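Have a look at this one.
The values are calculated or read from the model by the stated rules, or taken from the named source; none is laboratory data. It should be emphasised that the depicted structure is a prediction, and the values quoted were computed from it without experimental measurement. All Cβ positions, even for glycine, are placed from backbone atoms using ideal geometry, and neighbour counts span all protein chains on display. When the accessible area is computed, the model is the full protein with side chains, heavy atoms only, and any ligands, DNA or RNA have been set aside. Shrake-Rupley method; radii C 1.70, N 1.55, O 1.52, S 1.80 Å.
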Amino acid sequence: RGNFRLVHRLFVQIERILKINELHLITNDVIEAARSTLVIGDT
């Protein structure tokens, strides 16, 4: 369940970045930007 939640959060961030930047294509840069904003683990 944890991995599914993490993947879901990643896709939510990807969608957000695409919308904010008015992009229509998922690129490596978009994925890296989304991944870098995720907080994983205890904070």
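Scan (1) hydrophobic (A, V, I, L, M, F, W, C); (2) touching a residue at least 12 places away in the same chain (Cβ under 8 Å); (3) assigned to a helix (DSSP H, G or I) for the single condition I40 breaks and write down its number.
Among (1) hydrophobic (A, V, I, L, M, F, W, C); (2) touching a residue at least 12 places away in the same chain (Cβ under 8 Å); (3) assigned to a helix (DSSP H, G or I), I40 violates only (3).
Further question: Considering each residue of the stretch 14-30, count those that are part of a helix (DSSP H, G or I) and open to solvent by 60 Å² or more (accessible area, probe 1.4 Å), and give that number.
6
Kindly check whether there is at least one residue in the stretch 1-13 that is of a type in the set (K, R), in a loop (DSSP other than H, G, I, E, B), modelled with pLDDT under 95 and open to solvent by 100 Å² or more (accessible area, probe 1.4 Å).
Checking the stretch 1-13: at least one residue is of a type in the set (K, R), in a loop (DSSP other than H, G, I, E, B), modelled with pLDDT under 95 and open to solvent by 100 Å² or more (accessible area, probe 1.4 Å).
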